[in-house]
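Data block below; observations after.
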Amino acid sequence: MSFDLYFYSKNEDPEVNRHIKEYFAGKKFFNVKALENEGSQFWYENENTGVYFCFDLTTQPDEEDGEKKEGYYYIGLTFNINYMRPMFFSYEAMPIVEEISQKLGLLIADPQDKGNPDGIPKEYKADELMDSWNKSNEWATDIYKQKGANLYYLDGSLSKLIWEYLMQKDELQEKLGDTTFVPKLFIIRLKDSAKLYTAITWNQSISEVIPKCDYLLIMQEKSKWFGLSRTTSRMIVPYTQVVERLGSYLEPFDSVIPGTMILRPEKQFDALPEFNKLVGAGFDNFEGVNVESFVDFIVSPKQYSSDSSDSPEVQSIPMEYNPINMNTEEGFQDFEFNIVEYCKLENGNHMVKVCGEYDNKIVSIKVEFLANMISGVINNDFNSKAFYHEGIIIRLIETESEEFVKALFSLYGQKNTGKKIVEEVKLTSYALEGNPGNFENENLMFKVFHDDNNRDGLYFELYININLSKSILEIKEKDVEYRKNICNTLIGKKPNFVMRLYKRLFRKV
């Protein structure tokens, strides 16, 4: 589920595709990718703000995609942006949508516009599109929330200030040159709390712009043994402590964020002794929060605790997922997840985030499916060309996937050593049922293989089934004898050399 716009023209223009490609060529933050049928995708991603969205252009437009409009020509250009995102996604995206429509003389059909129920193409201003997306975003977020989506909340005015600062970051860095660093502002939280904080990094008292925030993640280097060795300390320090100790070396700096300070290059060495006296906590109790994990508008009053002080203490949205082991077949241990998010990646691959519940805890993983895979069985014939190395990748999410791995060890009857989970598991895939080319509408069943040649002694097979239209993903066992290898793969544990050689020679076929 995403926000989509369709572009039309009043008059048929055979050169419209060329004009569109010329518009995007070399445009900042856009990457151009060729699609099937000579189409193109124009993927926007701003690393500073985290905002991303895309335009897709097909050379063979099907008016059913954008719906046929009498008196208008659908040109095959669509705009797509995900839901469950902070409002500043629209602040950054919609002026670009307005600009391309004006410069190319295009009209826009917005299916989400309740004031235009027939979807008649027209000129839209950026603020109208922002309003349309924001309303749809709130509605969609509430739907996801009811399904148990885990989101945090950040005050909207603060979120906008952070976005405005990050939008100006590159320009400010260019203005100050190489002698002064302009840091990114990012969001963190305590691991046992849902309250969000702002933070920047500051290393070794270098000349830096210091926007007002909650915490600074600092790195100190100190000499030992008369300068023969050095120690490095990393800690998190409240902004107020930094200003109190180093205030005499800092000066006010003009910024969209009130209270921003700067340490000039000529004072950085004088400030170093005081910088090295800063004392803070370790990083381990904090974690970063990306733009996909919080919203900056009120979804439900249930988000707030009753004892909030200067800023609301935000709680995770309640979990309402189905138990992952609910549909297990006799003799096997299978898992069923709710799909809570779907998107197409820049490379065209499909990505879903899936969640479930086990032992009153949320468990979650992301699964990436290779684009343009083909069916493994055609007219009851086996298709040997349908094997894809790294066709499916399971991506593990900190904390939520750790809970899944714990659940899997428990349900598989394996001993959990508590070793840190890996970031991803790459699988060779083969589509047993369904056409992967129609990913969004098919009921797909894949057989997957890991460590195909048993080089690491971790060979296993599984079934991964996905039905996007029903928001269901299943992971099913092929053989209980693979359980140990599956568990060891998830924590990066390999057998010793002798055992690996034995497994390689005598692995089950």
Tally, over region 329-362, of residues that are over 26 Å from S2 (Cβ atoms) and open to solvent by 30 Å² or more (accessible area, probe 1.4 Å): 8
Search region 334-359 for residues that are in contact (Cβ under 8 Å) with a residue 60 or more places away in the chain and of a type in the set (S, T, Y) and pair each with any residue that is part of a strand (DSSP E or B) and open to solvent by less than 30 Å² (accessible area, probe 1.4 Å) when their beta-carbon atoms are under 6 Å apart and the residues are at least 6 apart or on different chains. Y342/V352
Those residues of region 402-442 which are free of Cβ contacts under 8 Å to residues at least 60 places away in the same chain, surrounded by 14 or more Cβ atoms within 10 Å (Cβ to Cβ) and over 24 Å from K484 (Cβ atoms) amount to A431, L432, E433, G434, E442
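Just to be sure before I move on: is S157 touching a Lys or Arg at 6+ places or on another chain (Cβ under 9 Å), assigned to a helix (DSSP H, G or I) and not hydrophobic (A, V, I, L, M, F, W, C) in the structure I sent?
no
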Count of region 169-193 residues which are hydrophobic (A, V, I, L, M, F, W, C), over 26 Å from the mean Cα position of the chain (by Cα) and not in a helix (DSSP H, G or I): 1
What number goes with the only condition from (1) more than 30 Å from S90 (Cβ to Cβ); (2) surrounded by 17 or more Cβ atoms within 10 Å (Cβ to Cβ); (3) at pLDDT below 60; (4) not acidic (D, E) that I324 does not pass? (3)
In region 64-81, residues that are modelled with pLDDT of 90 or more and surrounded by fewer than 18 Cβ atoms within 10 Å (Cβ to Cβ) total 1
Any residue in region 125-144 that is assigned to a helix (DSSP H, G or I) sitting within a Cβ distance under 9 Å of a residue that is open to solvent by 50 Å² or more (accessible area, probe 1.4 Å) and among the acidic types (D, E)? List the pairs, counting only those 6 or more apart or interchain. A126/E99
How many residues, within region 198-218, are over 13 Å from Q241 (Cβ atoms), open to solvent by 40 Å² or more (accessible area, probe 1.4 Å) and not in a loop (DSSP other than H, G, I, E, B)? 2
Residue identified as surrounded by fewer than 15 Cβ atoms within 10 Å (Cβ to Cβ) and outside any loop (DSSP other than H, G, I, E, B) among E99, E164: E99
In region 1-20, the residues that are assigned to a helix (DSSP H, G or I), under 22 Å from K125 (Cα atoms) and open to solvent by 40 Å² or more (accessible area, probe 1.4 Å): H19
Give me the pairs: first residue in region 272-290 and within 14 Å of N203 (Cβ to Cβ), second residue among the hydroxyl-bearing types (S, T, Y), beta-carbon distance under 8 Å, and six or more apart or on different chains, which are they? L272/S205; F275/S205; N276/S205
Just give me the residues in region 460-509 being of a type in the set (V, I, T) and either crowded, with 18+ Cβ neighbours inside 10 Å or modelled with pLDDT of 80 or more (or both), in sequence order. I464, I466, I472, I475, V480, I486, T489, I491
Please enumerate the residues belonging to region 159-171 that are over 30 Å from V354 (Cα atoms) and in contact (Cβ under 8 Å) with a residue 40 or more places away in the chain. L161, E164, Y165, L166, M167, Q168, K169, D170
Name the residue that is surrounded by the fewest Cβ atoms within 10 Å (Cβ to Cβ), counting only residues in region 364-401 that are modelled with pLDDT of 90 or more and acidic (D, E). E390
Give just the number: which of (1) at pLDDT 95 or above; (2) of a type outside the set (D, E); (3) within 23 Å of L161 (Cβ to Cβ); (4) buried (at least 19 other Cβ atoms within 10 Å of the Cβ) does M84 not satisfy? (1)
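The values are calculated or read from the model by the stated rules, or taken from the named source; none is laboratory data. Small disclaimer: the values here were computed from a predicted structure and weren't measured. A quick note on method: Cβ atoms are made from the backbone with ideal geometry, for glycine too, and the neighbour counts reach across all protein chains shown. For accessibility, only protein heavy atoms count, side chains too; no ligands or nucleic acids. Shrake-Rupley method; radii C 1.70, N 1.55, O 1.52, S 1.80 Å.
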